[in-house]
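One structure is given here, and the rest of the page talks about it.
Any read-out appearing in this document is the output of simple, stated calculations on the displayed coordinates, not a laboratory observation. Since the model is a prediction, treat every value here as computed from it, not as a measurement. Cβ: placed from backbone, ideal geometry, glycine included. Neighbour counts: every protein chain shown.
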Amino acid sequence: MARVFQVPAGSSRSGARRAAGTPAGPAPAPARASGEQKAGIVAGYLAPHPPHLVYAENPPQNEPRSTGGWEVLRWGYEELRRRLRAHRPDVLVVHAPHWITMVGHHVNCVPNPRGISVEPIFPHLFRYHYDFRTDVQLAEAIVDEGASAGLVTSALREEGVRVDYATIGALHLANPTWDLAVVSLSANNNPYYYSDASLAEMETLGAATRRAIERTGRRAVLLASNSLSHLHWDTEPELPEDMGVERPFTHAQYAGDMELLQTIREGPTSRLRDAVPKHIEATSSETKAGSLTWLLAAMGWPAIAGDVLAYGTVIATGNAVVEWVP
Amino acid sequence: MIPAALVPAMPHLLAGDPAPSWAELATATRTVGDRLRAAGVDTVLLLSTQWFTVLGHQVQCDARLRGRRTDENWYRYDFGHLEHDLAVDTELAHRWADAIDAAGMQARRTLYDGFPVDTGTIVASRLLDPRNQGRWAMVSCNLYADPSAMAAVAGAGVRAARDLGRRLGVVAVSGLSSGLTGRWITPAEDRVEDVHDRWNRKVLDAIRAGDRAEVLAMSPQFGEAAQADSQFRAFAFLDGAGAVDRPGEVLAYGPIWGTGAAVVWWGNQEET
């Protein structure tokens, strides 16, 4: 019977992996007093959002109860949380593929989004009570910078829009205490017409995000809420967390993910400009929604390697937790 | 003979200041509602491609769906704020789910407070049933399942309704071509691009001719060339209900924000 596929969770050895020829880097720099810390993007994470990971954790905000499951990915997120704390960010900026906007790139500018998010695809797993604080100044700056760069943008100021599970999932898994301000960006694509995001536009949106962060003087951590290979089962077992049936959709999907992750581990990120579209073509990767390209563009495609903290499948999709520290 | 219809999913049909095509499509959808009532339909089997799912086939089992949806894309417009109050025929819904399971597929009974009803379902129900007098049995559109699975799901719904003695109508809420305009436009600017327009008309001509086999045969190509809404699973669903083996009456066709949309009615052949 198939097993959950994985690579080792983050370790000091993997944490030291950097671009070829670059000396192994230290753990994140010790935090300085808040006033002394340099503004800008201090880290970026590939932070996949399967609702199963939230469900498996049984947080108080989520109504369904589980017996666990997908531990290796969740251990990767535990390491992400530890590292994220060390970066002492002011704000988490997340781009998520399930806030689907058909026209343009939207930024949530509601000061205090709150409510219950019953996920229409996975209502048995995800009924999450959310209540968080938006960094409205930064959110508006991203809208402005995006528009100035020629993108169609929109500032969401309506209170009643349900926050999607990809936004909540990445934010919860990265920071379950929700004690950091948030900026949430939509994905400009349309699944029922099978249209993907324009990766060229995601480059522009990423650069706009970086300018907005610098202009507002924030220390920001970016979260790209994407899975990797995205073919998956169209039914599920009686017990959703039955790890006895959890495995990649095909070996080709798994191999496609490993090829991308190897490129990430070797660095530099510029190699991913070609590798990401190739991976999308090979595996129907969810990165077609643009979150990963947005993140790397915002970071300026730094000449570093990424640190793969965990990999595992969720209903056969590939998911990796990855850190980049510029 | 089960009366059936294809109606659009986009909320622009509820605009206070609509483009001419939006108004025509809305009027035609209301006409479908009138005809369903005239046919004495007890319950409408409804598929909305905007309730898209990926695991199994979700059947709505909540008896009453009341609420307000603020659309995540269209919130800046009047038509982006959607009140709804839907009565679900839960007896049929459960029987339908049982029939889906019995057919070897996976039904998922959906009964959750605060469940977000999709924009397409709300728009269609408000136009088809403006006085909230009708009953619905609703299923999701599984984008990972083969379109033929949607036909099997519809067939299960028809069998379930027959077992219960329901007088049934079948409605698929979906668009035709995509080509959604990627910027904020005024209603007067709305149009379907030429290639997609030709595809939509080709499909509608086959529907008018009652050539279901031709429509099914061209659906994959339609999905590819015009990025048809959910690869035109809507037609597969209607076909599975046995509702499109006769000429369809195209009541309206036009653009909605660049996408193609149509209202098609399949009634008794004497009517059409």
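For chain A, the relative contact order works out to 31 percent when only alpha carbon pairs closer than 8 Å and six or more residues apart are counted. Considering only B:LEU46, B:VAL88, B:TRP74, and ranking their Cα positions along the charge dipole of the range B:41-107 that arises from unit charges at the beta-carbon of Lys, Arg, Asp and Glu, the one farthest toward the positive end is B:TRP74. Placing unit charges on the Cβ atoms only, positive for Lys and Arg and negative for Asp and Glu, gives the range B:1-105 a dipole magnitude near 100 debye about its Cα centre. For chain A, leaving out every one of the GluC sites (Glu not before Pro) that falls in a DSSP loop and has at most 14 other Cβ atoms within 10 Å, the longest unbroken run is A:1-158.
Give me B:HIS81, A:HIS251 ranked fewest to most by other Cβ atoms within 10 Å of their Cβ, as a rough exposure proxy.
Working: B:HIS81 16, A:HIS251 10.
Final ranking by Cβ density, sparse to dense: A:HIS251, B:HIS81.
Converting phi to 3J(HN,Hα) with the Karplus coefficients 6.51, -1.76 and 1.60 and the offset θ = phi - 60°, the range B:253-266 yields 8, x, x, 10, 6, x, 7, x, 9, 9, 10, 10, 10, 10 Hz in sequence order, with x at every glycine or proline. Taking the range B:211-246 and a reference point 7 angstrom along Cα→Cβ of B:ALA102, the backbone N atoms nearer than 17 Å belong to B:241. Note on B:THR70, B:THR29: ascending count of other Cβ atoms within 10 Å places them as B:THR70, B:THR29, the fewest first. Near B:LEU251, the amide H atoms lying under 5 Å from its own belong to B:VAL263, B:VAL264, B:TRP265; only residues 5 or more places off or on other chains count, and H is placed 1.01 Å from N. Close amide-amide hydrogen proximity is noted between B:ASP89 and B:TRP136, B:ALA137, each under 5 Å apart and 5 or more residues distant or on a separate chain (H modeled in the peptide plane; Pro and chain starts excluded). Placing a label point 7 Å from the Cα of B:ARG201 along the Cα-to-Cβ direction, the residues of the range B:245-267 whose backbone N falls under 19 Å of that point are B:248-264. Residue-wise HN-Hα couplings along the range B:73-89, as the Karplus relation 6.51 cos²θ - 1.76 cosθ + 1.60 with θ = phi - 60° gives them from phi, are 10, 9, 4, 7, 10, 4, 7, x, 10, 10, 7, 8, 8, 10, 9, 9, 7 Hz; Gly and Pro carry x. Coupling constants for the range B:214-229 follow from the phi torsions by the Karplus curve (6.51 cos²θ - 1.76 cosθ + 1.60, θ = phi - 60°), and in residue order they are 5, 5, 5, 5, 8, 4, x, 5, 4, x, 6, 6, 10, 6, 4, 3 Hz; glycine and proline get x.
Note on the range B:4-266: with charges restricted to the Cβ of Lys and Arg (+1) and Asp and Glu (-1), its dipole about the Cα centre is near 520 debye. Around the Cα centre of the protein assembly as shown, unit charges on the Cβ atoms of Lys, Arg, Asp and Glu (plus for the first two, minus for the last two) sum to a dipole of about 1160 debye. Taking every alpha-carbon pair under 8 Å whose residues sit at least 6 apart, chain B reaches a relative contact order of 30 percent.
If R0 is taken as 30 Å, the Cβ-Cβ distance between A:ALA147 and A:SER270 corresponds to a FRET efficiency of 0.65. Legend: ranking of residues A:ILE121, B:ILE122 from fewest to most surrounding C-beta atoms inside 10 Å; resulting order A:ILE121, B:ILE122.
For the range B:161-257, what relative contact order do you get, as a whole percent, if you take Cα pairs closer than 8 Å and at least 6 residues apart? For the range B:161-257, the relative contact order is 39 percent.
Amide H to amide H, with H built 1.01 Å from N, A:VAL183 comes under 5 Å of A:LEU92, A:VAL93, A:VAL94, A:ASP135, counting only residues 5 or more places away or on other chains. Computed per residue of chain A from DSSP H runs no shorter than four, each worth -39500 (n - 2.57), the mean residue ellipticity at 222 nm is -10000 deg cm²/dmol.
From the residues B:THR181, B:VAL192, B:PRO8, which one has its Cα farthest along the dipole of the range B:4-266 in the positive direction, the dipole being from +1 and -1 charges on Cβ of Lys/Arg and Asp/Glu about the Cα centre? Checking the options against the dipole of the range B:4-266, the answer is B:PRO8.
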